[in-house]
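The values are calculated or read from the model by the stated rules, or taken from the named source; none is laboratory data. On a predicted model such as this, the values are computed, not experimentally measured, just so you know. Backbone-built Cβ (ideal geometry, glycine too); neighbour counts: all protein chains shown.
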Amino acid sequence: MAKIQRALLSVSDKTGLVPLAQILAAAGVELISTGGTAKALREAGLTVKDISDHTGFPEMLDGRVKTLHPKVHGGLLFIRGNAKHEAAVREHGIPPIDLVVVNLYPFEQTVAKPGVSLHDAIENIDIGGPSMLRSAAKNHDRVTVVVDPRDYEEVADQIKANGDTTLELRRKLAARVFARTAAYDAAIAAHLQKEFKTVPDSGLPPSLSIFAPLAQPLRYGENPHQKAALYGKFHEFFQQLHGKELSYNNILDLTAAANLIAEFAGDPPTLAILKHMNPCGVGQGANLREAWDKAFATDKQAPFGGIIAMNRTLDEAGADAIAEIFSEVIIAPDFSAEALAILQKKKNLRLLKVLKSPLTAQPWDVRSVGADSFLFQEHDLKTTLAKDFKIVTRRQPGEAELSAMLFGWRVVKHVKSNAIVYVAADPAGGGTGRTLGIGAGQMSRVDASRIAVWKAGEVKLSLKGSVVCSDAFFPFPDGLIAAAEAGATAAIQPGGSVRDAEVIAAADERNVAMAFTGVRHFRH
């Protein structure tokens, strides 16, 4: 096996650089480097050859041209053992470069900063780095290329043991290089399309490029026979404080819970319990204990093994109440020390701190539909305020009914269609809201209403004076009539049915106040 004789190191992220370089130097590898990388290596006591000394050509144009040279790319690309190639590099005095360690200018991090200038974005487009990476990756049969500091240890271990890397490792690293450069180019294209306003008026990209690094492998997918993993920036939004590792279904549920509770960021203490991505109870109160009592009262069976989310730091009283049942995951902006002490006694309970709202992430939702195809849409971030309501009935809603409408409309938005939610406002609690019955994911809107009524009856919650919320219009008066017979005195729905007039007439006959929002919230 041939030994690695010469390495070129040029990195923006210097994590792990010096330990790797020390192992290379101990293995007798000549180190070539550029700018800040060379400076960092020299400060660590390592002998480094400047790239300009290697090429015989000075860095120029403010460093824009330093590695774009035949002595770099010839040394990477020539095929070892090919007589013609060997003769050419000898003739031109091009020594081989056997290892390249390069990571790129931080373009993505730069453009993520608020108010970044076009100049700064352009200056953080790396040219030489991707060129070296691609040259080395193309010739991976003999050249080792490393783009991610997380791979340093494996590369160092093999060089320490054998003086070289295996073909298997070089192939793996080469594939990672092309994935990284593809993602890098996609990020540049997306930013410049936005900056130069070349994206169509629809705002939809002309092509879809997705790059998400592995965040963590998962034990399995929705079912034990399905392989699964989590990719992307999940851990920038959620920090796990306790419990066994998250499952595929946990992640689906907790992100749904986080999106729901984000609707109530500025509200009084609010707590939601979800199961299979559907809320089974949402409550508000003077504190989280009171909010928990209201949410749990909506459905006392489904919450077992559920996901609990809240918009406040979980305190001791709230934790004490929640600990009485088995839950899979609890997410909160933070946990008091007393709450952690209570909940960490349950070794399997997963506790997650919300580091930042998922609503601050990219405003796009991508879903695979098989057949190598994807659906792409904006997240449903539409907010509807009381001023947006169109009251279509003779009777205007009262203050408590209006408060319940505002509360319930945010909840029903997160219930799978067809969705019906009965809610009430507590005038004594400053208009804080609570769910009374939830019907989710039914093929018929009437069936969703029947289930919601049945659920309320099961826990002996009266629907008298409640508000019924429907994610889409009532196509016939029967749904509204059933709600009124169950005790609802007000309704909120998008409107837009060809039978709206019949539904309004049915509401007027029963003295039900009804608001149209003009906004539908289907959730499939």
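Within segment 374-387, is even one residue out of contact with any Lys or Arg (no Cβ under 6 Å at 6 or more places or on another chain), of a type in the set (Gly, Ala, Ser) and modelled with pLDDT under 95? Steps first, answer last, please.
Of segment 374-387, the ones out of contact with any Lys or Arg (no Cβ under 6 Å at 6 or more places or on another chain) are 374, 376-387.
Right, trim to of a type in the set (Gly, Ala, Ser) and you get 386.
Okay, now just the ones that are also modelled with pLDDT under 95, so 386.
Checked against the condition, which is being out of contact with any Lys or Arg (no Cβ under 6 Å at 6 or more places or on another chain), of a type in the set (Gly, Ala, Ser) and modelled with pLDDT under 95, segment 374-387 yields at least one hit.
From the list 325, 331, pick out the single residue that is touching a residue at least 12 places away in the same chain (Cβ under 8 Å), under 28 Å from residue 524 (Cα atoms) and either surrounded by fewer than 17 Cβ atoms within 10 Å (Cβ to Cβ) or not aromatic (Phe, Trp, Tyr) (or both). Result: 331 is the single residue among 325, 331 that is touching a residue at least 12 places away in the same chain (Cβ under 8 Å), under 28 Å from residue 524 (Cα atoms) and either surrounded by fewer than 17 Cβ atoms within 10 Å (Cβ to Cβ) or not aromatic (Phe, Trp, Tyr) (or both). Out of all the residues in segment 22-32, is one or more of a type in the set (A, V, I, L, M, F, W, C), surrounded by 13 or more Cβ atoms within 10 Å (Cβ to Cβ), in contact with a Leu (Cβ under 7 Å, 6 or more places away or on another chain) and assigned to a strand (DSSP E or B)? Yes, some residue in segment 22-32 is of a type in the set (A, V, I, L, M, F, W, C), surrounded by 13 or more Cβ atoms within 10 Å (Cβ to Cβ), in contact with a Leu (Cβ under 7 Å, 6 or more places away or on another chain) and assigned to a strand (DSSP E or B).
Name the residues in segment 324-372 that are small (Gly, Ala, Ser) and in a strand (DSSP E or B), would you? Residues satisfying the conditions are 327, 332, 368.
Number of residues in segment 370-400 that are without any contact (Cβ under 8 Å) to a residue 24 or more places away in the chain, more than 30 Å from residue 495 (Cβ to Cβ) and either in the same structural domain as residue 239 (by TED's automatic domain parsing) or not polar (S, T, N, Q) (or both) equals 3. Here segment 265-289 is the region considered, the condition is being more than 25 Å from residue 524 (Cα to Cα) and surrounded by fewer than 21 Cβ atoms within 10 Å (Cβ to Cβ), and the residue that is nearest to the chain's Cα centre (by Cα) is 266. Checking each residue in segment 93-144 for being part of a helix (DSSP H, G or I) and free of Cβ contacts under 8 Å to residues at least 40 places away in the same chain picks out 109, 110, 119, 120, 122, 123.
Does segment 228-247 hold any residues that are closer than 20 Å to residue 210 by Cα and of a type outside the set (Asp, Glu), and which are they?
Matches in segment 228-247: 228, 229, 230, 231, 232, 233, 234, 235, 237.
Of all the listed residues (411, 415, 354, 329), the sole one being in the same structural domain as residue 286 (by TED's automatic domain parsing), touching a Pro at 6+ places or on another chain (Cβ under 7 Å) and within 25 Å of residue 251 (Cα to Cα) is 354. Filtered by the rule that a residue be under 20 Å from residue 290 (Cα atoms) and either hydrophobic (A, V, I, L, M, F, W, C) or at pLDDT below 95 (or both), segment 407-420 gives 407, 411. Taking the condition touching a residue at least 24 places away in the same chain (Cβ under 8 Å), crowded, with 23+ Cβ neighbours inside 10 Å and touching a strand residue (DSSP E or B) at 6+ places or on another chain (Cβ under 9 Å), does residue 442 pass? In short, no.
Being out of contact with any strand residue (DSSP E or B) (no Cβ under 9 Å at 6 or more places or on another chain) and of a type in the set (Gly, Ala, Ser) is true for just one of 309, 321. Which residue is that? Please lay out each step first, then the result.
On the way: 309 fails: out of contact with any strand residue (DSSP E or B) (no Cβ under 9 Å at 6 or more places or on another chain).
After ruling out the rest, the residue left standing is 321.
Only one of 312, 289 is under 20 Å from residue 342 (Cβ atoms), in a helix (DSSP H, G or I) and of a type in the set (Lys, Arg); which? Exactly one of 312, 289 is under 20 Å from residue 342 (Cβ atoms), in a helix (DSSP H, G or I) and of a type in the set (Lys, Arg), namely 289. Among the residues of segment 1-11, those identified as farther than 9 Å from residue 159 by Cβ and buried (at least 17 other Cβ atoms within 10 Å of the Cβ) are 6, 7, 8, 9, 10, 11.
Just checking, how many residues over segment 73-87 are surrounded by 14 or more Cβ atoms within 10 Å (Cβ to Cβ) and more than 19 Å from residue 132 (Cα to Cα)?
Kept after step one, since they are surrounded by 14 or more Cβ atoms within 10 Å (Cβ to Cβ), are these residues of segment 73-87: 73-78, 80, 85-86.
Now restrict to residues that are more than 19 Å from residue 132 (Cα to Cα): 86.
Looking only at that region, the number is 1.
Does residue 425 satisfy being among the aliphatic types (A, V, I, L, M), surrounded by fewer than 22 Cβ atoms within 10 Å (Cβ to Cβ) and more than 20 Å from residue 257 (Cα to Cα)? No, not satisfied.
For segment 145-167, filtered to residues that are within 32 Å of the chain's Cα centre (by Cα) and in a loop (DSSP other than H, G, I, E, B), the residue that is nearest to residue 213 (Cα to Cα) is 148.
Taking (1) part of a helix (DSSP H, G or I); (2) modelled with pLDDT of 85 or more; (3) among the charged types (D, E, K, R) in turn, residue 194 satisfies each apart from (2).
Among the acidic types (Asp, Glu) and closer than 20 Å to residue 267 by Cβ, is that true of residue 426? Write out each step before concluding.
Working: among the acidic types (Asp, Glu): yes; closer than 20 Å to residue 267 by Cβ: yes.
So residue 426 fits the description; yes.
Just to be sure before I move on: is residue 365 within 30 Å of residue 515 (Cβ to Cβ), in contact (Cβ under 8 Å) with a residue 24 or more places away in the chain and either touching a Leu at 6+ places or on another chain (Cβ under 6 Å) or not small (Gly, Ala, Ser) (or both) in the structure I sent? Taking the combined requirement at face value, the residue does not satisfy it. Please verify whether segment 168-182 includes one or more residues that are surrounded by fewer than 12 Cβ atoms within 10 Å (Cβ to Cβ) and part of a loop (DSSP other than H, G, I, E, B). No, every residue in segment 168-182 fails to be surrounded by fewer than 12 Cβ atoms within 10 Å (Cβ to Cβ) and part of a loop (DSSP other than H, G, I, E, B).
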